[in-house]
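Just below is one structure, and these are the notes that go with it.
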Amino acid sequence: MQTENQERAAESGRPKRSLGAILERHMKREERRKWEFPPDYTHGEVSLGEAYSTLGERWLEQAVFVSRVRDEVLGEVVTVGCFEDYFLTVEQWVEGDVESLEAWWQSRSAGRSRSVGLSTLGDGEPLAELAIEVSPARLQALEQGVLGVTREGGVADESRAGRQRRARVDLLSLIALTTRLAERDAVA
């Protein structure tokens, strides 16, 4: 007996994809360290599209968001995010990459007139013009209190991909916190 999904795939004329092929494509995307997020993607209680209504299209599309963390296994991990046409593109650099951090950062920030950074390293964020420095515990408190984000499941994943995912979550939190706190300031 075929499952409903297999029947639909057979009806559409598309070849069936094995779980192994799907996982292989997923792993290749993770290795590239580049992700796209649509405007309806939510991080906690904040959708990415809210950033446009709160911060404005011109401001947001001229900004580059950057998060820097030090991981005991990966070393330094830098994650950047840029908005264009309501979509967020996130890319990640990991210590040991062939391209130097300086060259990688220059190519990602080119054409952006402002940079907003989050650092949990404890020694400031030299890449961003506007730097927010917080301890990991304070970041988690802000995520829970302001965004409704709880990281309990992701913290236990000690794989390379899990560690990179945590750094990506830091960047999403930076964007969501910027949006939510700017919204609060506008109301006050």
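Only the coordinates and a few stated rules stand behind these numbers; no lab work does. This is a predicted model, so every value here is computed, not measured. Cβ atoms come from the backbone with ideal geometry, glycine included; neighbour counts cover every protein chain shown.
Structural remarks
- Summed residue charge, Cβ within 9 Å of Phe83's Cβ, Lys/Arg positive, Asp/Glu negative: -4
- Pairwise label distance in nanometres, Thr150 with Ala131, each label 7 Å out on the Cα-Cβ vector: 3.4
- Inter-centroid distance (Cα atoms) of segment 64-125 relative to segment 161-182, Å: 12
- Extension gain, Ser107 to Asp40, is 21.4 nm, computed as 0.36 nm per intervening residue step minus the present C-alpha separation.
- Cβ crowding within 10 Å averaged over residues, with 162-173, 94-105, 129-140 ranked highest first: 162-173, 129-140, 94-105
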